Structures are given as C-alpha cells and as structure tokens.
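**Q** Let me begin by handing over the structure; questions about it come next.
Please treat every number below as a calculation from the coordinates, not as lab data. Since we're looking at a predicted model, the values are computed, not measured. Cβ sites come from the backbone with ideal geometry, for glycine too, and all protein chains shown count toward neighbours.
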Amino acid sequence: CVLSPGQLAQSRRGLVVGALEAMAAEDSAVADAAAEFFIAVVQPGAPESSPAEEAAAINGVVRGLLSHGERILGRNDPVATEDLARNVCKVATALCERDANAAAGAPAWDATGSTASLHGGEFLSLTETVLRLAEAHERPG
C-alpha cells in the first residue's frame, strides 16, 4: 500500500469505513478481503504521515474492531461468527506488530518528543477482546 493509515483515512475515509463494515459481510471472500486490506495498510514498514493522523486512523480501526468483537461476543454463536472473529484477530495482530509499544499501553512518541494520541487503553481492550474471541471460538483438542 502506498498510503499510510493516516493518509488513507484523510483522503479515502469512506473506503476505510466500508472496509470495516465489509469485515462483517456474510460472504467470507468479501470479509477476508477487507481484513487483508487492513493488514496491508498497517503492516510494519508501511508509510506514515503525521503522528496525529496516524493515531486517529489507527484508533478508528481499533474502535471498529472492538465494535465487531462486542457484536461477536454478544451473539454467543461461535459457528456463525467464526469468520469475523478470525478476521478481527488477524487485523488486531497486524496492528500490534505495527506498534508494539502502543499495544502494550506505552505512549507513542514523535520526533519532536511530544506524545501522539494513541490510546493504549483501547489497545489493551483490543487484546482482551482477542483473548475472549479465542476462548469463545476454541476448538476441542
């Protein structure tokens, strides 16, 4: 991807929102493609824009994943929600790989030494959601 998450959110907000919604599509090919889109956008080494734009974009994706997680766990139907749960976990993992410090709750720092507005609490909630999804979709051993 040639645009950073921040640039993409600024210039193509509808695409980002649509991809978040598409992750919940009944067609697994559509849902998987949406997840792969986010994985490509947030992969380590992807371009970056300003820290504020990046933080806003990543936080938006995290909030979308948290919303999907709540919906999955609220349905309490592991079979019907398996594809979405898997995709939430895949994108969450990609976000953590991009910025392990933010995922661990540490503040992100830009070159000027000021704190960017990544919310570690939301990342920690996402980690908890991933663990709950893994538990809810556990396969008998």
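**Q** Using r as the Cβ-Cβ distance of T127 and N76, and R0 as 22 Å, what FRET efficiency do you calculate, to the nearest 0.05?
**A** The pair T127/N76 has a calculated efficiency of 0.55.
**Q** Continuing with the same structure: Tally Lys and Arg at +1 and Asp and Glu at -1 over the other residues with C-beta under 12 Å from the C-beta of S4: what net charge comes out?
**A** Combined, the nearby Lys, Arg, Asp and Glu give -1.
**Q** Using 0.36 nm times the number of residues separating A52 and S28, minus their current alpha carbon distance, what extension gain do you get?
**A** 5.3 nm
**Q** Assuming 0.36 nm per residue, please report the length gained on full extension of the stretch A134 to E97 beyond their Cα-Cα distance.
**A** 11.5 nm
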